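Visitor: Structure incoming, see below.
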Amino acid sequence: NAGVTQTPKFQVLKTGQSMTLQCAQDMNHNSMYWYRQDPGMGLRLIYYSASEGTTDKGEVPNGYNVSRLNKREFSLRLESAAPSQTSVYFCASRSQGVNSPLHFGNGTRLTVT
Amino acid sequence: RKEVEQDPGPFNVPEGATVAFNCTYSNSASQSFFWYRQDCRKEPKLLMSVYSSGNEDGRFTAQLNRASQYISLLIRDSKLSDSATYLCVLRGSTLGRLYFGRGTQLTVWP
């Protein structure tokens, strides 16, 4: 059981380049999330998808777009990368129960130069 | 005021010590609570959920105090392998949003 799978694990971009971070879960979860984690800032929600076909902005959505391709997959796109987007990105999913916890992917370490 | 406030530490304790972390929250309607553990450069992993009556899992005890709006994590008989950052997480009442504390760093030394 793979859980939540993120690709790539590492990426270096130049300012202005674009890229898509991929995330897939095999736990049949309805909700999926994208977070970024920066030193001293904790985890901040970028976008989330409560169910297939819906997406909503989190705390820090500017500069990002998302696609909930199907129930399994939730991708995060940076259209024009900026150095401020250098961060560790985590995808997560959870089922619908009130007490159901988040399951995280391994993370993507992105550096924008 | 932030949804979740957590003492960042660091906490440095010897093996065998008992250590406790608190986490306060601002929204009294928060519905569910968790403690996660995060090792350096790894993803957060669920340590335990926090139930209203308090719950224990081996050396770990979690408690919820709704009146004072805080949750706590107690680690007994600390091991070197307990060294990590501990995140408190709560689920709000609005759209089920999850809110993270910034984490408390624990180092257990021999």
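Visitor: Exactly one condition in (1) touching a residue at least 12 places away in the same chain (Cβ under 8 Å); (2) within 10 Å of chain A (Cβ to nearest Cβ); (3) surrounded by 14 or more Cβ atoms within 10 Å (Cβ to Cβ) is not met by B:K45; state its number.
Guide: (1)
Visitor: Also, quick follow-up: Taking into account only those residues within the stretch B:31-42 that are facing chain A (nearest Cβ under 7 Å) and crowded, with 17+ Cβ neighbours inside 10 Å, which is nearest to A:R44 (Cα to Cα)?
Guide: Among residues in the stretch B:31-42 that are facing chain A (nearest Cβ under 7 Å) and crowded, with 17+ Cβ neighbours inside 10 Å, the one nearest to A:R44 (Cα to Cα) is B:F34.
Visitor: Taking A:L69, is it hydrophobic (A, V, I, L, M, F, W, C) and surrounded by 19 or more Cβ atoms within 10 Å (Cβ to Cβ)?
Guide: no
Visitor: Hey, another quick one. For the stretch B:70-106, name all the residues that are surrounded by fewer than 21 Cβ atoms within 10 Å (Cβ to Cβ), under 15 Å from the mean Cα position of the chain (by Cα) and under 13 Å from B:V13 (Cβ atoms).
Guide: B:L74, B:R76, B:D82, B:S83, B:Q105
Visitor: Under 15 Å from the mean Cα position of the chain (by Cα) and loosely packed, with under 13 Cβ neighbours inside 10 Å, is that true of A:N28?
Guide: The answer is no for A:N28.
Visitor: Among (1) touching an Asp or Glu at 6+ places or on another chain (Cβ under 6 Å); (2) within 11 Å of chain A (Cβ to nearest Cβ); (3) in contact (Cβ under 8 Å) with a residue 40 or more places away in the chain, where does B:V108 come up short?
Guide: In the conditions (1) touching an Asp or Glu at 6+ places or on another chain (Cβ under 6 Å); (2) within 11 Å of chain A (Cβ to nearest Cβ); (3) in contact (Cβ under 8 Å) with a residue 40 or more places away in the chain, B:V108 misses (2) alone.
Visitor: Go through chain A and tell me which strands (runs of 3 or more DSSP E), entirely inside it, have 3 or more residues that are modelled with pLDDT of 95 or more and away from every other protein chain (no Cβ under 14 Å). I'd like the intermediate steps shown before the answer.
Guide: Working: elements: A:4-7, A:10-13, A:19-25, A:31-38, A:42-49, A:65-68, A:74-78, A:87-94, A:108-112.
Those strands (runs of 3 or more DSSP E) span A:10-13, A:19-25, A:65-68, A:74-78.
Visitor: Assess whether B:I71 counts as being aliphatic (A, V, I, L, M), touching a helix residue (DSSP H, G or I) at 6+ places or on another chain (Cβ under 9 Å) and more than 11 Å from every other protein chain (Cβ to nearest Cβ).
Guide: It is false that B:I71 is aliphatic (A, V, I, L, M), touching a helix residue (DSSP H, G or I) at 6+ places or on another chain (Cβ under 9 Å) and more than 11 Å from every other protein chain (Cβ to nearest Cβ).
Visitor: I've got another one for you. Would you check if there is a residue in the stretch A:6-13 being within 30 Å of B:K2 (Cα to Cα) and either of a type in the set (G, A, S) or surrounded by 18 or more Cβ atoms within 10 Å (Cβ to Cβ) (or both)?
Guide: yes
Visitor: Oh, and also: Mind checking which residues of the stretch B:69-105 are polar (S, T, N, Q) and either modelled with pLDDT of 90 or more or not in a loop (DSSP other than H, G, I, E, B) (or both)? Full working, then the answer.
Guide: Quick first cut of the stretch B:69-105, residues polar (S, T, N, Q) only: B:69, B:72, B:78, B:81, B:83, B:85, B:93-94, B:104-105.
Listed by number, the residues that qualify are B:Q69, B:S72, B:S78, B:S81, B:S83, B:T85, B:T104, B:Q105.
Visitor: So, in the stretch B:48-68, exactly how many residues are over 10 Å from the mean Cα position of the chain (by Cα) and either within 14 Å of chain A (Cβ to nearest Cβ) or not in a strand (DSSP E or B) (or both)?
Guide: Going through the stretch B:48-68 one residue at a time, the tally reaches 12.
Visitor: Separate question: Can you report the number of residues in the stretch B:11-30 which are touching a residue at least 60 places away in the same chain (Cβ under 8 Å) and either assigned to a strand (DSSP E or B) or within 13 Å of another protein chain (Cβ to nearest Cβ) (or both)?
Guide: So the count comes out to 10.
Visitor: Exactly one of these conditions fails for A:Y64: (1) within 20 Å of B:C40 (Cβ to Cβ); (2) surrounded by 13 or more Cβ atoms within 10 Å (Cβ to Cβ). Give me its number.
Guide: Just one mismatch for A:Y64, condition (1).
The values are calculated or read from the model by the stated rules, or taken from the named source; none is laboratory data. These numbers come from a predicted model, not from an experiment. As a convention, Cβ positions derive from the backbone with ideal geometry for all residues, glycine included, and neighbour counts pool all protein chains shown.
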